[in-house]
Amino acid sequence: MNKADFLSATLAGRRIQPMQASGSQFAPVNIALGKYWGKRNIPGNLPTNDSLSITLPNHGSTTTITASETDLVILNGKQVNPEHAFYRRLFEFLDALDGNRPRLRVETNNNIATAAGLASSASGFAALIGALNDLCQWQLTDTEWSILARIGSGSACRSIANGFVRWHRGERDNGKDSFAQPIDQPMPNLAIGLLTLTDAEKPIGSTAGMKQTLATCPLFNSWPQFANASVERIAQYIETGDLIALLNEAEHNAMTMHATMIATNPSILYWQPESVATMHKVRALRSDGLDVYLTMDAGPNVKLLFDRRQQADVLAAFPNAELILPFEHA
Ligand code: 2P0
């Protein structure tokens, strides 16, 4: 199956036919506490393992789509050149959705610090599907929304709700059982600190990085089993309200994912000296009694995870951290 086949399996005859002047949708970014790393199917973005994220409320992408004389992309107020990777990826996806689509003007605004290494492709594809759903009045269910976003970018399937969200890897070849669902259980004391440590260029994107890991990493055989069990533990800690156990598991999960990246050939090392210095600092704070943990994605920046009741101490140690309280939103 190619991307268009995966999409049409869920679209069930829906086409890109505007039913109103424009369609809009906001979608939030998410940070995985149990990571997605590895695809069992590349065009469908079908993962080797479950993952589980926390949404950053009010941080993300707003996309508005209108029918237009020509295809046009506006990103953060600036027109994007058709040669640009963002433009190409977007219209390749829209063409796969509907080969006879009308010309479209797609405007996206991201209100997130992209420098902090937050994946705007996740909020972007979730917002894109939502805007099309609005424009064409598709009446998508949340599951269909999640599946279509996943085919755009895997982690986008988790950007459909606030709070904790779990992506069930699924087993079917057509991907219809691979979607995310919110976990209706808040953890009000969970706090996140976003650190922008460096704007050093990433050595390799996630899609290529996962491919290389599967092809060359001798440790990867043990990753899916570990990752599934780890997500299961995280889900249990959410249920029992054990914040510290959850944060500890999230850090272990991230470090294990990075171990698989580092053990590829050639090695993928997203860490920069500032990342490693931050890891040591977090450990030193922990041995001083502060419950602060960290997670990292496919980039050099670190996301601190802690108990908001220790917010003053954590922010004193990391004055540049942007504080996010995921369960405090309008
Ligand atoms: C995650 N990452 O779970 C993991 C952790 C990066 C490290 O999802 O190829 O942009 O579009 O499916 O979703 C980044 O990968 O990759 C990602 P594609 P995506 O958040």
Mind checking which residues of the stretch 29-53 are assigned to a strand (DSSP E or B) and in contact with a Ser or Thr (Cβ under 8 Å, 6 or more places away or on another chain)? Val29, Asn30, Ile31, Ala32, Leu33, Gly34, Lys39, Arg40, Leu46, Pro47, Ser51, Ser53
Which residues, counting only those in the stretch 257-268, are touching a helix residue (DSSP H, G or I) at 6+ places or on another chain (Cβ under 6 Å) and more than 18 Å from Thr48 (Cα to Cα)? Asn265, Ile268
Selection within the stretch 145-171 - away from the ligand (no atom under 14 Å from the Cβ), touching a residue at least 12 places away in the same chain (Cβ under 8 Å) and either open to solvent by 40 Å² or more (accessible area, probe 1.4 Å) or assigned by TED's automatic domain parsing to the domain that holds Arg233 (or both): Asn162
Restricting the stretch 58-92 to residues that are surrounded by fewer than 21 Cβ atoms within 10 Å (Cβ to Cβ), of a type in the set (A, V, I, L, M, F, W, C) and touching a helix residue (DSSP H, G or I) at 6+ places or on another chain (Cβ under 9 Å), the residue that is nearest to Arg158 (Cα to Cα): Phe86
Exactly one of these conditions fails for Thr55: (1) crowded, with 17+ Cβ neighbours inside 10 Å; (2) away from the ligand (no atom under 16 Å from the Cβ); (3) within 30 Å of Glu328 (Cβ to Cβ). Give me its number. (2)
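Yes/no per residue for (1) touching a strand residue (DSSP E or B) at 6+ places or on another chain (Cβ under 8 Å); (2) at positive phi:
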{"residue": "Ala32", "(1), (2)": "yes, no"}
{"residue": "Thr48", "(1), (2)": "yes, no"}
{"residue": "Pro57", "(1), (2)": "yes, no"}
{"residue": "Ile65", "(1), (2)": "yes, no"}
{"residue": "Glu69", "(1), (2)": "no, no"}
{"residue": "Asn76", "(1), (2)": "yes, yes"}
{"residue": "Leu104", "(1), (2)": "yes, no"}
{"residue": "Gly124", "(1), (2)": "yes, no"}
Please verify whether the stretch 268-291 includes one or more residues that are under 19 Å from Lys39 (Cα atoms), outside the structural domain of His168 (by TED's automatic domain parsing) and modelled with pLDDT of 95 or more. yes
Based on what the data block shows, is Leu104 outside the structural domain of Trp223 (by TED's automatic domain parsing) and within 16 Å of the ligand (Cβ to nearest atom)? no
Given the criteria more than 16 Å from the ligand (Cβ to nearest atom) and touching a Gly at 6+ places or on another chain (Cβ under 7 Å), does Asp95 qualify? no
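The values are calculated or read from the model by the stated rules, or taken from the named source; none is laboratory data. As the structure is a prediction and not an experimental result, all values here were calculated from the model. Counting neighbours? That spans all protein chains shown, and the Cβs are built from the backbone with ideal geometry, glycine included. The accessibility values were calculated without ligands, DNA or RNA, using every heavy atom of the protein model including side chains. Shrake-Rupley method; radii C 1.70, N 1.55, O 1.52, S 1.80 Å.
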